[in-house]
Amino acid sequence: MRRLREWLPSAEAIRANRWLRWLGPALHHPRLWHMSRRGLALGMALGFFFGLLIPLAQVPLSAAAAVALRANVPAAVASTLVTNPLTFGPIYYAAWRVGSAILGEPVDAPSAPSTAAQADPVDENSWRAVTRRFLGVGKPLLLGLAIMAIAVGTATYFLVSAAWRVSVLWKRHRRRR
């Protein structure tokens, strides 16, 4: 637990964040900073959910949801880092594959444009092809992100709760010896 607290942002750092200042006095509730099983599990689940679902403003949205649901704010803010420059590509590709599979669309990557379309970039047909390809990726990607966010958020809640419970039982077992 001590190691986890070292990695989580402090209450002062979150209160001083320019994106979270609007939450003001709501951030002063002690339950938002206490390390409890429910608060930590819910905070991490919210962070993973917003980290996967929304590409922008993840931190303020997860902090606002943590405040509203009385979850651990530092855990919610820190766990939004599930999407970062290293994980962004693989996560979005996996989400696109999941969405394509559910929608029944082919999961092959869109083919490259023909050489004629590459020669004249302002050709109206090439713009239509680019728009069509972009919209073809968008719907499966959004569906896949929503499914992954719900699944990973739910799994995170239950896994953190189970890990907390196992930790408590292990400590109790060691004390009895």
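The values are calculated or read from the model by the stated rules, or taken from the named source; none is laboratory data. Keep in mind the model is a prediction, meaning the values are calculated, not measured. Every residue, glycine as well, gets a Cβ built from its backbone with ideal geometry; the counts of neighbours run over all protein chains shown.
The table for this structure:
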{"read-out": "Filter result for residue 128 (modelled with pLDDT of 75 or more, in a helix (DSSP H, G or I) and surrounded by fewer than 12 Cβ atoms within 10 Å (Cβ to Cβ))", "value": "yes"}
{"read-out": "Qualifying residue in the range 105-118 (condition: hydroxyl-bearing (Ser, Thr, Tyr), at pLDDT below 75, loosely packed, with under 14 Cβ neighbours inside 10 Å and outside any loop (DSSP other than H, G, I, E, B))", "value": "yes"}
{"read-out": "Helices (runs of 4 or more DSSP H) contained entirely in the range 18-90, each with at least 2 residues that are charged (D, E, K, R) and within 22 Å of residue 159 (Cβ to Cβ)", "value": "37-53"}
